[in-house]
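For reference, the structure is listed below as structure tokens.
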Amino acid sequence: MKIGIIGTGAYAIAIASLLEKKNFNIMMWTKLHDEYEDLIKNHKNSKIINYQLDKKINFTMSLETLLKENEIIILAIPAKFVSNTIQAMKPYYKNQPIIIATKGMEINSGLFLHEYLEEALKTKNIACLSGPTFAKDIIQKKPVALTIASKNENLLLIAKKIFADIDYLTTETTNDIIGCELCGILKNIIAIASGILAGMNIVSSTNAKFLVDISHEIQKIIEDFNGNKHTFYSYAGLGDLILTCTSKESRNYTFGFLIGSNQDFKTYQKETTIEGLENLNTMANILKEKKIKSSIIDILYEIVYLSKPKEILIDYLKMKK
């Protein structure tokens, strides 16, 4: 099987590391010349992550080459770059299955990524890959887990087979791609709130209350978008929420922590991709348009974008009965 990976960032490399020992032909695409030269010469993206890829992996700067030479495409770039990349690949796309390994929304349209790809590429051949997996943990071959979601049953089987027989990886499948994507979007937003609370030195008991309260709210939002609330109890849902909301390695959590502890979060914001921040603005607007109520989204939006005092997050916890 020939697999093309769009992206050569940390998570794209981590996915390649999962598959490189299997009997696949893997090609990775980057638009950055410096990264391409490093990968060709050293099989590493030295500026991003300290991992040397297998010598049999190929690299290209041509989306045309990637699309023409591969049967399966894995999309693993930050959400903010998706629209430009998809538009650039449209002339060469031949309805290959696309597995989305990006968490976020298409910012301009406010669509879920699978919806944007279906509309832009006129295809139903879309799956989503999500779960509690930091790139460094994958490349170190620690036990990790992923949820694979698609409305296309045949593609679910193909994706399951691609990621099968990796002894440190557990996978599960679901047809609820909406719920799966929503979990990936919301957990990044919630991680900002969790970081704020940690920066305010809340006690463990309060943090536990927050995670339970927020779990109910996430399930309600999933249902409001016609997803299955039970998807929350998956690796993509509860698993990723626990990881992102409790780890200082999460960029979203760190951003929130800087706000909560009255540190310089604006410099961090300029230097770091914080997908939860982008998702917060998009999600707040979508919920408003759809007249869907979410207390935590409203409160976070007020803190982050309207400079309201972070203490209103504590008021939210007191309000939940």
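The values are calculated or read from the model by the stated rules, or taken from the named source; none is laboratory data. Keep in mind that this is a model prediction, so the values were computed, not measured. Positions of Cβ are generated from backbone atoms using ideal geometry, with glycine treated the same way; all protein chains shown enter the neighbour counts. These area figures cover heavy atoms from the full protein model, side chains too; ligands, DNA and RNA do not enter into them. Shrake-Rupley method; radii C 1.70, N 1.55, O 1.52, S 1.80 Å.
Over what distance in Å are the Cα centres of region 263-281 and region 93-172 separated?
25
So, with +1 on the Cβ of K and R and -1 on the Cβ of D and E, and no other charges, what is the size of the charge dipole of the chain about its Cα centre, to the nearest 20 debye? Mind dumping the intermediate values first?
Values: 39 positive and 35 negative charges, 34 e Å.
In debye, rounded to 20, the chain gives about 160.
Return the FRET efficiency for the residue pair GLN269, GLU71: r is the Cβ-Cβ distance, R0 is 35 Å, and the value is rounded to the nearest 0.05.
It comes to 0.35.
Does region 185-287 come out rounded, prolate or oblate by the C-alpha gyration tensor, with a ≥ b ≥ c the root eigenvalues, rounded set by a/c under 1.5 and, if not, prolate when a/b is larger than b/c and oblate if not?
It comes out oblate by the Cα gyration axes.
Which order do the peptides 146-158, 295-307 take when ranked by the mean count of other beta-carbon atoms within 10 Å per residue, highest first?
146-158, 295-307
Under the 0.36 nm per residue contour assumption, what length would be gained going from the current alpha-carbon distance of ILE107 and ASP137 to full extension?
Extra length from ILE107 to ASP137 when fully extended: 7.9 nm.
Give me the percent of accessible area attributable to carbon and sulfur for region 264-316, probe 1.4 angstrom.
Exposed carbon and sulfur together represent 48 percent of the surface.
Accessible area per residue of the chain at 1.4 Å probe, in Å²? Don't skip to the answer; put the middle values down first.
Values: 14510 Å² over 321 residues.
So the chain comes to 45 Å² accessible per residue, rounded to a whole number.
Over the alpha-carbon set of the chain, work out the extent along each principal axis and list the three values in angstrom, largest first.
Here the spans come out as 56, 38, 36 Å, largest first.
Under the rule a/c < 1.5 gives rounded, and otherwise a/b versus b/c splits prolate from oblate, where does region 16-64 land using the Cα gyration tensor? Walk me through the intermediate numbers first.
Details: a/c = 2.12, a/b = 1.22, b/c = 1.74.
Because a/c hits 1.5 or more and a/b fails to exceed b/c, region 16-64 counts as oblate.
Expressed in nm to one decimal, what extension gain is obtained for the pair HIS33 and SER215 from 0.36 nm per residue of sequence separation less their Cα-Cα distance?
Additional length available on full extension: 61.3 nm.
For the pair ASN84 and LEU317, how long in nm is the line joining their label points, each one 7 Å along Cα→Cβ?
4.0
Measure off, as a whole percent, the carbon and sulfur share of the 1.4 Å-probe accessible area of region 40-113, all protein chains present. List each step's numbers first, then the result.
Values: 1670 of 3480 Å².
Carbon plus sulfur share of accessible area: 48 percent.
Which one of GLY195, GLY7, THR102 is farthest out on the positive end of the charge dipole of the chain, using unit charges on Cβ (Lys, Arg +1; Asp, Glu -1) and the Cα centre as origin?
GLY195
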